[in-house]
Amino acid sequence: MQRAWRDDPKYKDTEFAVYHYPRQYFGLIGGGEKFVYYRPARGAKANEASSYIGCGELGDWWLDPQDSTHRFVDIRKPIPFERPVPHIDGGGRMFESSFTDRNAFQGRSVRHIDELDFYRILDAAGLTAAVWNQAPTVSDVVSGLIVPASMASAPRDAFRPLTVVPDGTGYRPTGKPIDVFEAASLQERARGDHQETLKLLKTLTEASGGRCEFNNNVDLLASFGGRKLLVEAKSLVVASAAVDRMRYGMGQLFDYRVRYREEIGAAQPVLAFGAAPPSDAGWISTILQENGVAFVARHRDALLPMNEAAASLPIFS
């Protein structure tokens with residue numbers, strides 16, 4: 001069940017990017033399951049109330065870094081429906097056939113659905129097997145297998161002060177569905193090492209007289225008078241993923257330099273890792289240096305410059 005945007009502040013969901021859920025549902029989500037989103041009536045738009053609004057495939061789950069009684073799970077393959085599907089079909093039958101009334105959904109925010117019922121909902125939404133099979137996944141984006149078709153359609157968002165590194169993704173709703181590219185860039189924000197890295201960057205920026213901003217896409221824009229730093233933070237839980245993290249982070253930095261050229265000007269791109277890469281991937285620093293990207297990494301409670309471009313940043317003066 002996906003309630004209307006943040007009508008219950010204890011949940012830090014971002015639709016079609018991450019799902020946040022309490023302990024009683026830990027045993028129901030193992031990762032990799034297919035799912036369908038159901039929108040309860042409370043606070044919902046009239047055309048979405050008590051309806052199914054999308055489907056997809058779950059990715060990995062992880063503990064909420066602020067509350068061990070809750071977990072997050074990535075939405076690996078997000079597929080919004082073009083039109084919501086009411087909870088009953090044209091014949092007045094419940095799509096979830098094991099229930100006789102929608103009120104029975106209360107207290108069952110995560111529940112199993114019969115496979116036939118699941119596909120009946122997808123069919124009612126006009127979703128074909130071809131659409132499901134061809135829908136891109138977050139993994140496709142991260143590995144570079146797909147890229148946005150047009151920069152003209154890339155989502156933009158106004159910068160706002162970063163007063164506190166937010167729980168969850170820090171996403172502000174725009175009224176438009178999140179696509180797989182935006183979901184990929186948001187999913188890391190809820191992870192613990194990503195948040196700790198941004199907190200360190202924020203502290204160092206402010207201690208050096210700078211100010212911090214962010215938006216739905218950019219993790220951190222640090223300004224020091226006329227000089228700006230465009231920061232993309234990358235979680236590094238699995239050391240062997242360092243090279244993929246570098247490539248994905250570089251792609252985002254180059255994307256945002258074009259997408260937000262008017263706001264950021266000639267900002268210095270900075271890639272920040274939640275941990276230092278392993279020694280056998282030490283050449284990452286050189287690759288980034290040769291591409292004009294400063295590279296920093298978190299080590300315990302400190303942030304370390306990992307190449308010459310990083311050593312000259314205002315936060316290390």
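The values are calculated or read from the model by the stated rules, or taken from the named source; none is laboratory data. Please read these numbers as outputs of a predicted model, since none were measured by experiment. Positions of Cβ are generated from backbone atoms using ideal geometry, with glycine treated the same way; all protein chains shown enter the neighbour counts. These area figures cover heavy atoms from the full protein model, side chains too; ligands, DNA and RNA do not enter into them. Shrake-Rupley method; radii C 1.70, N 1.55, O 1.52, S 1.80 Å.
Scanning the stretch 203-239 for residues that are surrounded by fewer than 16 Cβ atoms within 10 Å (Cβ to Cβ) and farther than 19 Å from Thr286 by Cβ yields Thr203, Glu206, Ala207, Ser208, Gly209, Arg211, Gly225, Gly226, Arg227, Val237, Val238. The residues in the stretch 68-107 that are open to solvent by less than 90 Å² (accessible area, probe 1.4 Å) and more than 30 Å from Gly274 (Cα to Cα) can be counted, and the count is 19. Residues of the stretch 14-67 that are among the polar types (S, T, N, Q), open to solvent by 30 Å² or more (accessible area, probe 1.4 Å) and either modelled with pLDDT of 95 or more or touching a His at 6+ places or on another chain (Cβ under 6 Å) (or both): Gln24 alone.
At least 3 residues being under 28 Å from Ser139 (Cα atoms) is the threshold, and among the strands (runs of 3 or more DSSP E) wholly inside the stretch 222-317 those reaching it are 227-234, 268-273, 294-299. For the subset of the stretch 287-302 comprising residues that are buried (at least 22 other Cβ atoms within 10 Å of the Cβ) and of a type in the set (A, V, I, L, M, F, W, C), which member is nearest to Ala275 (Cα to Cα)? For the stretch 287-302, the residue satisfying everything is Ala297.
Just to be sure I understand, how many residues within the stretch 174-194 are buried (at least 23 other Cβ atoms within 10 Å of the Cβ) and acidic (Asp, Glu)? Total meeting the criteria: 2. Within the stretch 74-93, residues that are within 15 Å of Ala44 (Cβ to Cβ) sit with their Cβ atoms under 7 Å from residues that are open to solvent by 20 Å² or more (accessible area, probe 1.4 Å) and of a type in the set (A, V, I, L, M), at 6+ positions apart or across chains, in these pairs: Val85/Ala124; His87/Met94. Every listed requirement among (1) open to solvent by 70 Å² or more (accessible area, probe 1.4 Å); (2) within 26 Å of Leu186 (Cα to Cα) is met by Val110 save one, (1).
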